Amino acid sequence: MAIARYTRTAMALHWIIAALIALNVFLALTWDFYPDAGVRPAINLHKSIGITVLALAIMRVLWRLTHRPPALPPHHRGWEKVTAHAVHILLYGILFGLPITGWIMDSAYKDAPTHPMYWFGIFEWPRLPTVLALDPATKTMIHDSFAQVHGNLGLLLYFLVFLHIAGALKHQWIDRDRELMRMWPGRAGTKY
């Protein structure tokens, strides 16, 4: 039986974003263990990856608006379809929320004016001028507030990724829907 699949572009964006997010989570969870000289490069890499994820998320939304995704199989239960759509919408929100809160937090960093941020060391990435122009006390409050939001979104990301993977594996291995083939690169059914 042929499977309706996502386009190659949608698959590429999905897996590239997933890999970048996994790397960013790894960096965030491990930089406390790096020697002092390694912490700042890890944080800078984390920021560059975050900005890249934001750009790719914009591309992914634009692609999705112009390329209809394959429909879920008709035999999926109503609650499964609602849960799948809700998790996807929340994941899209996270793809924007994490980089934007990180960018605001970075712009409010007390040393931001004297420590420029470079996208993968190639060119300077701008801070948000409205945040940079705030007084030091307000910037500290914004930095700390958005750091908390950024951390909470990270925790929500873990939960949503767990639901996303658990749902895909349930349909693949328990329901035998070949669900993974819808988003897995290579030849496995019809291209939608």
> When the Cα atoms of segment 81-192 are enclosed in a convex hull and the volume is divided per residue, what value in Å³ results?
Replying inline: 152 Å³
> Exposure proxy check: LEU180, LEU153 ranked by fewest other beta carbons within 10 Å?
Replying inline: LEU180, LEU153
> For LEU29 and MET183 in the same chain, what is the full-extension length gain: residue separation times 0.36 nm, less their Cα-Cα distance, in nm?
Replying inline: 52.7 nm
>> Within 15 Å, Cβ to Cβ, of HIS76, how many net charges do the neighbouring residues add up to if Lys/Arg are +1 and Asp/Glu are -1?
In response: +2
> Can you give me the relative contact order of segment 8-182 as a percent, contacts being Cα pairs under 8 Å and 6 or more apart?
Replying inline: 20 percent
> Principal axis lengths of the chain from Cα atoms, whole Å, largest first?
Replying inline: 61, 35, 32
> Which value in deg cm²/dmol, rounded to the nearest 500, describes the helix-derived mean residue ellipticity at 222 nm for the chain, given -39,500 (n - 2.57) per DSSP H run of n ≥ 4 and division by the residue count?
Replying inline: -22500 deg cm²/dmol
> So, with +1 on the Cβ of K and R and -1 on the Cβ of D and E, and no other charges, what is the size of the charge dipole of the chain about its Cα centre, to the nearest 20 debye?
Replying inline: 1040 debye
> What's the longest piece of the chain with no exposed trypsin sites (Lys or Arg not before Pro), counting a site as exposed if DSSP puts it in a loop and it has at most 13 other beta carbons within 10 Å?
Replying inline: 1-76
> Using the Cα gyration tensor of segment 11-88, with a ≥ b ≥ c the square roots of its eigenvalues, what is the shape: rounded (a/c below 1.5), prolate (a/b larger than b/c) or oblate (neither)?
Replying inline: prolate
>> Please report the spacing between the Cα centers of segment 126-192 and segment 68-113 in Å, no decimals.
In response: 5 Å
> How much length is gained if the chain between ILE58 and SER145 is pulled fully straight, taking 0.36 nm per residue apart and subtracting their Cα-Cα distance, in nm to one decimal?
Replying inline: 28.8 nm
> Residues with beta-carbon under 12 Å from that of MET105, excluding MET105: net charge, scoring Lys, Arg +1 and Asp, Glu -1?
Replying inline: +2
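Read-outs: derived from the displayed coordinates by stated rules, not from any lab. Remember, it's a predicted structure, so these values are computed and weren't measured experimentally. Because the Cβ atoms are built from the backbone with ideal geometry, glycine has one as well, and the counts that use them run over all protein chains shown.
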